[in-house]
Amino acid sequence: MFSIKLAPAVCVAASLMKGKGGQKLLEFGFAANANEAGWHSFDEFKANPDLIRAGWLAAAREDARRTLADLRKIPRVVSPVPRVEMPSIFFRCLPLVLSSKFWIESRIRNRLACGMHFKHTRAARGFTLLELMVVIGIIALLAALVLSNIDFGSKMAKRRVTERSIVAIESALEGYLDKFGEYPTPANPDETAEIMLGKSYRVGGAKCLYQALRGDGYDALQLEASATPTVTAASDGDFSRDELPRVILRDLPPNLWRKVGSHYFLVDGFAQPFQYAKAVDGDKETVNSTYDLWSFTTDESNRMAKSKDTQSNAALGAKWVKNW
C-alpha cells in the first residue's frame, strides 16, 4: 500500500525535476506505455504535455504492480526489537541538555542583573517631594477618619451612660421622697467649682444629690433645725454607722460620683457634675413641678445655664440629657 501511494507522487515530482533524474523517469514512462498508446518516438512523447501526464500515470501503475509482486515474494520474518545503546543516546542528547542548561543560566543571570540594577537605581533616586506629600496626605486623611469615628463612638457611649444614670437617680429620689416625705433641697444651688482646667460648673445641686442619696454628710442639704443629724456635716467619701439610716443608695457605682478638692458630687458619663434644681411653690425656677435633673453633655458654651432658660430658648437644651 505504501508503494502504491508513493509511486504517483514520485512521478509527479519528476515533472519538476531537471537533469538526468527527470529524463530517466520520462523514459521509463514512455517505454512502459509506448505500445499500448501508439507513441512513435520519445521526442513526440516529450513534446506533448498530455502524453507526459498519461505516461507518468502509467509508469506509476506499473511501478506499483511490480512493487506488490516483489512484496509477495518476501517471506514474513518477525524482526526482533532493536536494542538501543544508552551511551549513544546519552551522547546524542548531551549537546541539547548542555545548551538548555546554558540558556537557563543566562536567563537567570539577566533577570538578576535587571533586578539589582532596578533596586540600585531606585534606592539611589529615593522619593520625590510630590510622592512624600501624597503619602502624608493619605495618612492624614485616614487618621482623621479613624479619630473622628472613635471620638463619635466615645461620645455616644458617654451619653448612654448619662441617660442610664439619670434613670437611676430618679429612682433613688423617689426612695428619698418615700423616706423623708420630700425631695432634697440644695443648701447652696449656685455654688461653683473649677472641675477641669478653665472650666467651672455649678456643683451645689450635684453635692446635694450625693449627700442625699449616699448619706455621707449633710452640709450641702437644706434641712430644718430639728432634722439636723448628729453626724459630721462635711462629706468624707464614706459613711459611718450613724449615717446608715440616711443611706438611699448603699452601693453607689464609683463612676457615678467624684471628688474634686473638698467637693463630693454626682457626675454624668462625661465626668461633669449633674445639674439639679428643686421646684419651690410660687417660684418658677424649674420646668417640672417637682425637680429638674439634667446634664450638659458636650455643650461647652452653656455650662452656667439653668433649666428655666430652655423655656425661652428651645434650642438651648438640644444637646442636653434632661428629665423634661
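Residues that are in contact with a Lys or Arg (Cβ under 9 Å, 6 or more places away or on another chain), farther than 22 Å from Gly181 by Cβ and charged (D, E, K, R) do not occur anywhere in the stretch 285-295.
Applying the selection to the stretch 242-271, what residues are on the phi > 0 side of the Ramachandran plot and either loosely packed, with under 12 Cβ neighbours inside 10 Å or in contact with a Pro (Cβ under 9 Å, 6 or more places away or on another chain) (or both)? Selection gives Gly261 alone. Being surrounded by 10 or more Cβ atoms within 10 Å (Cβ to Cβ) and modelled with pLDDT under 60 is a description that does not apply to Phe180. Comparison of Lys306, Lys319 shows that the only residue that is free of Cβ contacts under 8 Å to residues at least 40 places away in the same chain, in contact with a Ser or Thr (Cβ under 7 Å, 6 or more places away or on another chain) and assigned to a loop (DSSP other than H, G, I, E, B) is Lys319. The set of residues in the stretch 279-303 being under 48 Å from the mean Cα position of the chain (by Cα) and assigned to a loop (DSSP other than H, G, I, E, B) consists of Phe296, Thr297, Thr298, Asp299, Glu300, Ser301, Asn302, Arg303. Only a single item in (1) modelled with pLDDT of 90 or more; (2) over 53 Å from the mean Cα position of the chain (by Cα); (3) farther than 17 Å from Gly181 by Cβ; (4) not hydrophobic (A, V, I, L, M, F, W, C) is not met by Arg258, and it is number (2).
Candidates are the residues of the stretch 202-241 that are assigned to a helix (DSSP H, G or I) and surrounded by fewer than 19 Cβ atoms within 10 Å (Cβ to Cβ); the one that is modelled with the highest pLDDT is Arg241. Among the residues of the stretch 270-294, the one identified as touching a strand residue (DSSP E or B) at 6+ places or on another chain (Cβ under 8 Å), of a type in the set (Gly, Ala, Ser) and farther than 16 Å from Asp190 by Cα is Ala271.
The values are calculated or read from the model by the stated rules, or taken from the named source; none is laboratory data. Everything numeric here is computed off the predicted structure, so don't read it as measured data. Don't worry about glycine lacking a Cβ; one is built from the backbone with ideal geometry, like all the others, and counts go over all protein chains shown.
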